[in-house]
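The values are calculated or read from the model by the stated rules, or taken from the named source; none is laboratory data. What you see is a predicted model, and the numbers here were worked out from it, not measured in a lab. No Cβ is skipped: glycine too gets one built from the backbone with ideal geometry, and neighbour counts run over all protein chains shown. The area values use the complete protein model at the heavy-atom level, side chains included, leaving out ligands, DNA and RNA. Shrake-Rupley method; radii C 1.70, N 1.55, O 1.52, S 1.80 Å.
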Amino acid sequence: MDLSQVLNSDRLERELAAVARRIARSAQASAPRRTGALAGSVDVSTERNSGTTRDRVVAHVTVSAPYAASVEFGTSRMRGSFWLRRTAQSA
């Protein structure tokens, strides 16, 4: 099995998805809460044939709430919480 086959394998996809799900659960638990919508908008996906050379599996943890970036990075009127960055760094 060559490197491109390993990078695009079912096993790697399962392992990356498992790590991404752990990060997502931690992000949901540590998300700032008012309504819970921010935590509820955390999602995980995997994608094959991705990367710059289109030869690997990647996993994504996304937050789709429209105000997620404002909560994470702040605005001119509010400091950022950096909750997602801290979550990813602790994983």
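Computed values, structure above
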| quantity | calculated |
| --- | --- |
| Which listed residue, of 4, 9, is over 14 Å from the mean Cα position of the chain (by Cα), modelled with pLDDT under 95 and open to solvent by 40 Å² or more (accessible area, probe 1.4 Å) | 4 |
| Hits in region 75-85 (condition: within 13 Å of residue 32 (Cα to Cα) and small (Gly, Ala, Ser)) | 80, 81 |
| Candidate set: region 62-91, residues that are more than 16 Å from the chain's Cα centre (by Cα) and basic (Lys, Arg); chosen: the one surrounded by the fewest Cβ atoms within 10 Å (Cβ to Cβ) | 77 |
| In region 18-27, residue farthest from residue 85 (Cα to Cα) [restricted to those that are surrounded by 15 or more Cβ atoms within 10 Å (Cβ to Cβ) and among the small types (Gly, Ala, Ser)] | 20 |
| Odd one out for residue 31, checked against (1) surrounded by 15 or more Cβ atoms within 10 Å (Cβ to Cβ); (2) under 11 Å from the mean Cα position of the chain (by Cα); (3) free of Cβ contacts under 8 Å to residues at least 60 places away in the same chain | (2) |
| Those helices (runs of 4 or more DSSP H) lying entirely in the chain with at least 1 residues of a type in the set (Phe, Trp, Tyr) | 68-73, 83-90 |
| Residue tally, condition more than 30 Å from residue 1 (Cβ to Cβ) and either exposed (fewer than 12 other Cβ atoms within 10 Å of the Cβ) or in contact with a Pro (Cβ under 6 Å, 6 or more places away or on another chain) (or both), over region 34-61 | 3 |
